[in-house]
1. Output the number of residues of the range 119-144 satisfying the condition of being in contact with a Ser or Thr (Cβ under 6 Å, 6 or more places away or on another chain) and within 18 Å of Asp192 (Cα to Cα).
2. Kindly evaluate Leu141 against the criterion of being without any contact (Cβ under 8 Å) to a residue 60 or more places away in the chain and either under 19 Å from the mean Cα position of the chain (by Cα) or not assigned by TED's automatic domain parsing to the domain that holds Ala45 (or both).
3. What is the number of the single condition among (1) part of a strand (DSSP E or B); (2) surrounded by fewer than 21 Cβ atoms within 10 Å (Cβ to Cβ) that Gly86 does not meet?
4. If Ser154 meets every condition in (1) part of a helix (DSSP H, G or I); (2) surrounded by fewer than 20 Cβ atoms within 10 Å (Cβ to Cβ) apart from one, which number is that one?
5. Among the residues of the range 46-64, how many are closer than 13 Å to Ala101 by Cα and either out of contact with any Asp or Glu (no Cβ under 6 Å at 6 or more places or on another chain) or assigned to a loop (DSSP other than H, G, I, E, B) (or both)?
6. Residue check, Ala224 against (1) in contact with a Lys or Arg (Cβ under 8 Å, 6 or more places away or on another chain); (2) surrounded by 17 or more Cβ atoms within 10 Å (Cβ to Cβ); (3) in the same structural domain as Lys130 (by TED's automatic domain parsing), all met but one. Which one?
7. Restricting the range 89-102 to residues that are part of a helix (DSSP H, G or I) and not small (Gly, Ala, Ser), which is surrounded by the most Cβ atoms within 10 Å (Cβ to Cβ)?
Amino acid sequence: MISMKKTATALFAAAGILLGGQAVTMALGVADARAETIRFATEGAFPPFNFTDAAGKPQGFDIDIANALCAQLKAECSMVTQDWDGIIPGLLAKKYDAIIASMSITPERQQSVLFTDAYYNNQFHFVGPKGKDFDLSKAGLKGKAIGAQRATVSSQWIEDTLGDTVSLNLYDTAEEAYLDLEAGRVDLLLNDTYPTYDWLNSPAGQAYELKGESVIKDDVVGIALRKDDTALAAKLNGALKEIIANGTYAKINEKYFPFSLLN
């Protein structure tokens, strides 16, 4: 009869448990079954790219892209929301692994974080009331109140290009900026074209329109990581190429926009 001790020893050895102080090679593939978890942060206040639903769960284009990347990598996704001003400090403090929040790749940000390849191309427009003409030159905007989200490419462009010519009103979120435009507290907003497009098609945005040509046309958006996370960046870049090639990206794009964000 086989002793219970020998049976137990064989089982423990197969499972990779330490026996007699020595490591036994794993035979059940338990380690291989543990999926990597990638912890993403997003703002949750930039529809349709990122927002929270009635249950407080993050939704939007950014979140769908993150989930598609994780699926391609056979990894688990976790998602948290974080105020924009604190989103890079939270990454550097290792509260999460990556930021997917429609963040523009800029030289200033590249000093503190590592970006993946661009997952969409961006541009910026002024937006204001329908039927009201504006001279969008520096001289024509003199004395106007212009709104923009704080710590963004649009607010920096206004500061750099228009200087003290205009009155710059800064907001914590784009939604707050829209509310002040509706209330007449600013003459124009400068905002990302694609979320503005979404807002213009909402009931609140029906009385407004894009003004003039885009003022920034070469903006690109990437996923931000800590500078030493080069291995994760390489994985995400590879997965991004795959979801573009296999049509997953196009399906997500079509869910939100009737035009490609990769142009």
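The values are calculated or read from the model by the stated rules, or taken from the named source; none is laboratory data. Quantities reported herein were computed from a predicted structural model and do not represent experimental measurements. Here the Cβ is made from the backbone with ideal geometry for all residues, glycine too, and neighbour counts use every protein chain on show.
1. Qualifying residue count for the region: 4.
2. It is true that Leu141 is without any contact (Cβ under 8 Å) to a residue 60 or more places away in the chain and either under 19 Å from the mean Cα position of the chain (by Cα) or not assigned by TED's automatic domain parsing to the domain that holds Ala45 (or both).
3. The number of the failed condition is (1).
4. Tallying (1) part of a helix (DSSP H, G or I); (2) surrounded by fewer than 20 Cβ atoms within 10 Å (Cβ to Cβ), Ser154 fails exactly one: (2).
5. Filtering the range 46-64 for residues closer than 13 Å to Ala101 by Cα gives 46-52, 58-64.
Subset that is either out of contact with any Asp or Glu (no Cβ under 6 Å at 6 or more places or on another chain) or assigned to a loop (DSSP other than H, G, I, E, B) (or both): 46-49, 51-52, 58, 60-64.
The number of residues fulfilling the criteria is 12.
6. So Ala224 meets the others, but not (3).
7. Of everything passing the filter in the range 89-102, Leu91 is surrounded by the most Cβ atoms within 10 Å (Cβ to Cβ).
To keep it simple, each residue is scored yes or no on (1) more than 14 Å from the chain's Cα centre (by Cα); (2) at pLDDT 95 or above; (3) more than 23 Å from Asp228 (Cβ to Cβ).
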site	(1), (2), (3)
Ile17	yes, no, yes
Phe49	no, yes, yes
Asn67	no, yes, yes
Ile99	no, yes, no
